[in-house]
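To start, the structure under review is shown below, and the notes come after it.
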Amino acid sequence: MSEVRHNWTKEEILEIYNKPLMELLYEAATIHRKSHDPNVVQVSTLLSIKTGGCSEDCGYCPQAARYHTDIEGNDLMSVQQVKAQALRAKAGGSSRVCMGASWRNVKDGPEFDQVLEMVRTINKLDMEVCCTLGMVTENQAKRLAEAGLYAYNHNLDSSEEYYKEVISTRGFQDRLDTIDNVRKTNVTVCSGGIIGMGESVEDRAGMLVALSTLDPQPESTPINALVAVEGTPLEDEKPVEIWEMIRMVATTRIVLPETQVRLSAGRTQMSREGQAMCFFAGANSIFAGDKLLTTPNPDVNEDMKMFEMLGLNPQKPFTKKVQPQSVEAKDSQFEALGEKPKWTRPEHKIERNEQKKQEALELRKQ
Ligand code: SAM
Ligand code: DTB
Ligand code: SF4
């Protein structure tokens, strides 16, 4: 086991990030081996259970209704559809299903009840269940836990400073508050961010300060490379260089030694060699399946060939933590409180988000 520190400074993290690469890799790989089997990689399958039409202005996101992207929107999937997809994912070697919804926050009501039923259904297939549904209250987090949720994904996305340059419709503190609410249950926390949004290396270090200060630290940390989607404010950002991804993964591994570092969005741009270096640097999880939420991901068969070539084995479900029990809806201890959300809406202006919204309005008039 490695010592877990919650007092990393930005300067210390920058020093790690900027080390000569061979030293950085050696240090990260050494720490990795203290807490993890270097030949085991956890495989999650993403499932977009409700797609597009989102009220938020996240500058990276093709699902924000205000931008003009050509994704296909969908209402909430049925429990049966979700079960069929989960069985497919299981057959393909995934130990976890991560259900994403294009919501700002969870609202009590029939749709949330349906999501709780999806959680029960997948847990009964003996797979780890993760949800990423936006902000949640303590009561909602408890209801998800009671249904058998294993993990909740809620990314900090960037440093607190750069967050304001990307999103104006919700605040960084709201993200921390949601993570806090999840922490009041036995659901594990999955939180990470995105690189390649035009942020500085200082911002990347700032995000890692915020993640490492969480006590306990997140059980899993996705590192996404921006998928620059046409029509979003970040459409023109340059692709992340593989070296930046490797440095970010290695630094995350050193600063969050026990977390499962997930190589997330952006793998279609990465060679096998590049991904192998990320695994060496401490990445030990991926999203598998030919689609992320709305954008492409490498083919599952190609991923399995890569695993074989590198001698990697998919992690068995519930290796890190025991399977939660699902309480049936009729036996639930909790009721929907119908709380009025207390989440903030800072609504400062972000020039490029405003511009893309205007362009979308013009395009819709045509
Ligand atoms: N609506 C919920 C929320 O924002 O928390 C859950 C779904 S949201 C799509 C989940 C995460 O996906 C975001 O926090 C962001 O980190 C990541 N993401 C979204 N679009 C992305 C993109 N174009 N490239 C990389 N990561 C992206
Ligand atoms: C995370 O950190 N990355 C995933 C998952 N958590 C929900 C989402 C990536 C989305 C990439 C863009 C898309 O496919 O829409
Ligand atoms: Fe909505 Fe989540 Fe996309 Fe932001 S990241 S626009 S909250 S779906």
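Worth a mention:
- Rounded to the nearest 500, the 222 nm mean residue ellipticity of the chain from helices alone is -12000 deg cm²/dmol, with -39,500 (n - 2.57) taken per DSSP H run of at least 4 residues.
- Considering every alpha-carbon pair of region 6-98, the percent of pairs per 10 Å bin, from zero through the bin containing the longest distance, is 13, 22, 23, 27, 15, 0.
- Only Cα pairs under 8 Å and 6+ residues apart enter the sum, and on that basis the relative contact order of the chain stands at 26 percent.
- The calculated P(r) of region 203-267, using every Cα pair and 5 Å bins from 0, goes 4, 16, 26, 23, 15, 10, 5, 1 in percent.
- For region 251-313, the alpha carbon positions stretch 30, 27, 18 Å along the principal axes, listed from largest to smallest.
- 31 Å Cα-Cα threshold exceeded, pairs from Lys83/Lys305; Lys142/Lys305; Lys291/Lys330; Lys291/Lys320; Lys184/Lys356; Lys83/Lys316: Lys142/Lys305; Lys291/Lys330; Lys184/Lys356
- Of all DSSP beta bridges in the chain, antiparallel share, percent nearest 5: 5 percent
- Geometric extent, Cα atoms of region 60-171 - Rg, Dmax (angstrom): 15.2, 42
- Max-minus-min Cα coordinates of region 128-252 on each principal axis give 43, 31, 25 Å, with the largest extent listed first.
- Point-to-point label distance, Val201-Lys124, nm (Cα→Cβ direction, 7 Å offset): 5.3 nm
- Annotation: extensible slack from Leu363 through Lys107 equals 89.0 nm (criterion: 0.36 nm per residue apart, minus Cα-Cα distance).
- Given charges at Cβ of Lys, Arg, Asp, Glu: region 280-366 dipole, positive-most of Leu337, Met304, Ala288: Leu337
- In this calculation the C-beta distance from Glu244 to Glu347 is compared with R0 = 35 Å, giving a FRET efficiency of 0.65.
- At 1.002 mPa s and 20 °C, Stokes diffusion of the chain via Kirkwood alpha-carbon radius, µm² per second: 104 µm²/s
- Taking label points 7 Å from Cα along the Cα-to-Cβ direction, Gln269 and Arg5 give a separation of 3.1 nm.
- Residue-normalised convex hull volume from the C-alpha trace of region 326-366: 203 Å³ per residue.
- Global geometry of region 259-366, whether rounded, prolate or oblate, following the gyration tensor of its Cα atoms and the 1.5 cut on a/c: oblate
- The listed peptides 178-190, 14-26, ordered by packing as a protection proxy, come out as 178-190, 14-26 (highest mean of other Cβ atoms within 10 Å first).
- Shown for the chain: cysteine residues without a partner Cβ closer than 4.7 Å, namely Cys54, Cys131, Cys190, Cys278.
- Sorted largest first, extent of region 61-121 alpha carbons per principal axis (Å): 37, 28, 16
- Here the residues His154, His6, ranked from fewest to most Cβ neighbours within 10 Å of their Cβ, fall in the order His6, His154.
- Averaging Cα coordinates gives a centre for region 131-186 and one for region 313-357; these two points are 6 Å apart.
- By the Cα gyration tensor, region 36-88 has an equivalent ellipsoid whose semi-axes, rounded to whole angstrom, run 28, 19, 8 from largest to smallest.
A short reminder: the numbers here are calculations on the coordinates, not readings from a lab. Given the structure is predicted, the values throughout are model-derived calculations rather than measurements. Reconstructed Cβ throughout: ideal geometry from the backbone, glycine too, with neighbour counts over all protein chains shown.
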